[in-house]
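K.L.:
Structure provided below as structure tokens; questions to follow.
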Amino acid sequence: MGISKILKKFDIKVIGKVSKEEQIIISDNVATKITNKFNFIDYGYIYKKLMRAQMYIAIIPEGMTRAIYSYEEDTLFISDEEDLNNISKELLYECIHTMQDIRDKKGNIKQLGQCIFSDYKVYAMALNEASILYITQKIFEEQIKYVEAYGIKANTYSPNSYPLICNILLQLLFISNEKTLVKSTLNSTDEFLIEGIEEIGESSYVNIQNNLDEMLYASEEIIGIKRSLKNNTNDGNMEEINKDLNRIYEKEAQIRRLYMDSQMSIFTMYFDRLYNRIQNLSDIKTYKNKLQNYKELIGFYTNDSQEYFLEYYEGYYKTKEEKLKEKENEIKRKNDLALTVISDNIIVQIFNKIKELCKKILR
């Protein structure tokens, strides 16, 4: 099977290949769940992709997820405790990974949803993970929650897994739309990427993608450091304990910096560009509503009694409010001038008609 690497890494014990009947049940249940929530997705596409996938029933150690997809071996491992007639969130999540897999003729993986694999680097891994979490959250109808993570307070649909990365995805969704996100994630296309670039520019969008990946790697490093901290605490090694604490502090500060940089890029680029596209009073109303609604998505952290980014948002809002008033007056003046010209033209036309009528009568 060529799966010794993943088996060894997670101490997985394979029981056997999933039977055809079991694979039909899994494929049908997953396709049904997805298409019931997102009716623009093709049931047949999902079903066929999963029916072609390699799936194994396995004993997965306690405390781990109930399903694991290995893109290196293009194989899905399902816990022997999983109820295939009642698909869990974990299995749905990994089934989405499975159906995302796009390979070249040589069998090399090229794309996994929104995640791109080059010869030297993997791009947008964090964005893809956040997108799958969004889809599973919608299907299982879990609510958005207000949390604090790494010192930042924000709304997220995934409190326990990459909460801040998922908050940034909510902000990207604000400038795009759910349909584009879901189709890009499930069909492994670039629609969401293209739409994001159109709204905030290629440089900003790529920077955000890279920031999210760095946030993902840093959060995983923190998990490893905390394991080390636990061991060093048990051993009473104060020198190593202090090193671990300092490393955690540095990684959390890195995550905050990357988060704030991403949020700043989305917010300023989107609303500056949107402002420049205002042409009428309806556009002004739309702009105001969007600027107000965006406040629900922003994350901030408090330090020395300063609420970082929230204060920036309020300052930006006030400045734009003043500029919108000026723009509104300018548009109204132009509209009044246009109406005056139209009125004058109508009066001239009426006068000319009366004049012609008088000439005919005098004749």
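K.L.:
Name the residue that is nearest to residue 200 (Cα to Cα), counting only residues in region 253-285 that are among the polar types (S, T, N, Q) and more than 23 Å from the chain's Cα centre (by Cα).
P.N.:
For region 253-285, the residue satisfying everything is 276.
K.L.:
Let me ask another. Regarding region 5-24, can at least one residue be identified that is open to solvent by 10 Å² or more (accessible area, probe 1.4 Å), under 26 Å from residue 181 (Cα atoms) and not hydrophobic (A, V, I, L, M, F, W, C)?
P.N.:
Checked region 5-24: no residue is open to solvent by 10 Å² or more (accessible area, probe 1.4 Å), under 26 Å from residue 181 (Cα atoms) and not hydrophobic (A, V, I, L, M, F, W, C).
K.L.:
Ok, one more. Any idea which of (1) of a type outside the set (Lys, Arg); (2) exposed (fewer than 13 other Cβ atoms within 10 Å of the Cβ); (3) more than 20 Å from the chain's Cα centre (by Cα) is the one residue 245 doesn't satisfy?
P.N.:
Residue 245 satisfies all of (1) of a type outside the set (Lys, Arg); (2) exposed (fewer than 13 other Cβ atoms within 10 Å of the Cβ); (3) more than 20 Å from the chain's Cα centre (by Cα) except (2).
K.L.:
Does residue 108 satisfy the criteria of being open to solvent by 20 Å² or more (accessible area, probe 1.4 Å) and without any contact (Cβ under 8 Å) to a residue 24 or more places away in the chain?
P.N.:
yes
K.L.:
Then there's this: Does any residue of region 112-121 turn out to be of a type in the set (Gly, Ala, Ser), closer than 26 Å to residue 209 by Cβ, surrounded by 18 or more Cβ atoms within 10 Å (Cβ to Cβ) and in contact with a strand residue (DSSP E or B) (Cβ under 6 Å, 6 or more places away or on another chain)?
P.N.:
No, because not a single residue in region 112-121 is of a type in the set (Gly, Ala, Ser), closer than 26 Å to residue 209 by Cβ, surrounded by 18 or more Cβ atoms within 10 Å (Cβ to Cβ) and in contact with a strand residue (DSSP E or B) (Cβ under 6 Å, 6 or more places away or on another chain).
K.L.:
Still on this structure, I have one more. In the list 42, 80, which residue meets the criterion of being over 25 Å from residue 119 (Cβ atoms), within 25 Å of the chain's Cα centre (by Cα) and surrounded by fewer than 16 Cβ atoms within 10 Å (Cβ to Cβ)?
P.N.:
42
K.L.:
Just one of 199, 240 is crowded, with 17+ Cβ neighbours inside 10 Å, acidic (Asp, Glu) and either out of contact with any strand residue (DSSP E or B) (no Cβ under 8 Å at 6 or more places or on another chain) or touching a residue at least 60 places away in the same chain (Cβ under 8 Å) (or both); which is it?
P.N.:
199
The values are calculated or read from the model by the stated rules, or taken from the named source; none is laboratory data. Note that this is a predicted model, so its numbers are computed, not measured. Quick reminder, even Gly has a Cβ in these numbers, built from the backbone with ideal geometry, and neighbours come from all protein chains shown. Side chains are part of the model used for accessible areas, which takes the heavy atoms of the whole protein and leaves out ligands, DNA and RNA. Shrake-Rupley method; radii C 1.70, N 1.55, O 1.52, S 1.80 Å.
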